[in-house]
Amino acid sequence: MKKLYRTTEEINGHKFYRTYNFLPESERKQLIKEIGPFIVNRPYVKDYGPVPGYNTPDNMQDNPIFKQFHKKVQNEFVRYMNKIAVIERSWCNRNFGDFTMWHEHPTHYATVYYLKHHPFFARGTMFNFDGEEQLVKSPQNCLLTFPGHLLHSVPATKFGVKFDRYCFAMDVNTFEWGGL
């Protein structure tokens, strides 16, 4: 098993938190299998409007199948921010890198878990900082957390190349935790 490690990076004045090798490989592959039946072509998502690609319902945090995964995400907030995390909404999306859809999240933080993506194309999330686009790279099996108000999108690939990309997205509010 690859060793789990965490980094904090400031990008354009905002803190980004990453947890690399978030799940053991067997758990990551099992999560892909478990999410499969829930992903459907949903052309409209509440609070976001029309969306391309395929999505699960946005209440996956309430599904018992994914309880352990969401608990691990919440534990990361305690570890690297010393905060209690409440996952308000969670969904998985599958897309092919053939669109850009700029959006924000209505919570303190947005968290993306890169479940599966092409090893060479658009590994991460594209951010728009005052009109300047910047790719924040994150490899497969990485958990990325950033302020929810930041404008971001799935990166579109160039040259018409399509790829299969699975990500869990989460709207997360946090509260201070004093520890034990």
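The values are calculated or read from the model by the stated rules, or taken from the named source; none is laboratory data. It should be emphasised that the depicted structure is a prediction, and the values quoted were computed from it without experimental measurement. Every residue, glycine as well, gets a Cβ built from its backbone with ideal geometry; the counts of neighbours run over all protein chains shown.
Tabulated data for the structure shown
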{"quantity": "Condition broken by TRP102, with the remaining ones in (1) surrounded by 14 or more Cβ atoms within 10 Å (Cβ to Cβ); (2) touching a residue at least 24 places away in the same chain (Cβ under 8 Å) satisfied", "calculated": "(1)"}
{"quantity": "Any chance GLY53 is at pLDDT below 95 and either aromatic (Phe, Trp, Tyr) or surrounded by 17 or more Cβ atoms within 10 Å (Cβ to Cβ) (or both)", "calculated": "yes"}
{"quantity": "Single condition PRO64 does not satisfy, out of (1) farther than 15 Å from ASN141 by Cβ; (2) more than 16 Å from the chain's Cα centre (by Cα); (3) surrounded by 13 or more Cβ atoms within 10 Å (Cβ to Cβ); (4) modelled with pLDDT of 95 or more", "calculated": "(3)"}
{"quantity": "Pairs, first closer than 15 Å to MET126 by Cβ in segment 7-20, second surrounded by 13 or more Cβ atoms within 10 Å (Cβ to Cβ), C-beta under 6 Å, six or more apart", "calculated": "ASN12/PHE129; HIS14/PRO147; PHE16/PHE146"}
{"quantity": "Of residues in segment 158-180 being modelled with pLDDT of 70 or more and not in a strand (DSSP E or B), the one farthest from the chain's Cα centre (by Cα)", "calculated": "TRP177"}
{"quantity": "Search result, residues across segment 1-38 that are out of contact with any strand residue (DSSP E or B) (no Cβ under 6 Å at 6 or more places or on another chain), surrounded by 13 or more Cβ atoms within 10 Å (Cβ to Cβ) and either small (Gly, Ala, Ser) or assigned to a loop (DSSP other than H, G, I, E, B) (or both)", "calculated": "LEU4, ASN21, LEU23, PRO24"}
{"quantity": "Residue match in segment 110-118 (condition: touching a Gly at 6+ places or on another chain (Cβ under 6 Å) and at pLDDT 90 or above)", "calculated": "yes"}
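Yes/no matrix, rows are residues, columns are (1) acidic (Asp, Glu); (2) modelled with pLDDT of 95 or more; (3) in a helix (DSSP H, G or I):
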{"position": "ARG42", "(1), (2), (3)": "no, no, no"}
{"position": "PRO57", "(1), (2), (3)": "no, no, no"}
{"position": "LYS71", "(1), (2), (3)": "no, yes, yes"}
{"position": "ASN75", "(1), (2), (3)": "no, yes, yes"}
{"position": "VAL78", "(1), (2), (3)": "no, no, yes"}
{"position": "ILE87", "(1), (2), (3)": "no, yes, no"}
{"position": "ASN93", "(1), (2), (3)": "no, no, no"}
{"position": "ASP98", "(1), (2), (3)": "yes, no, no"}
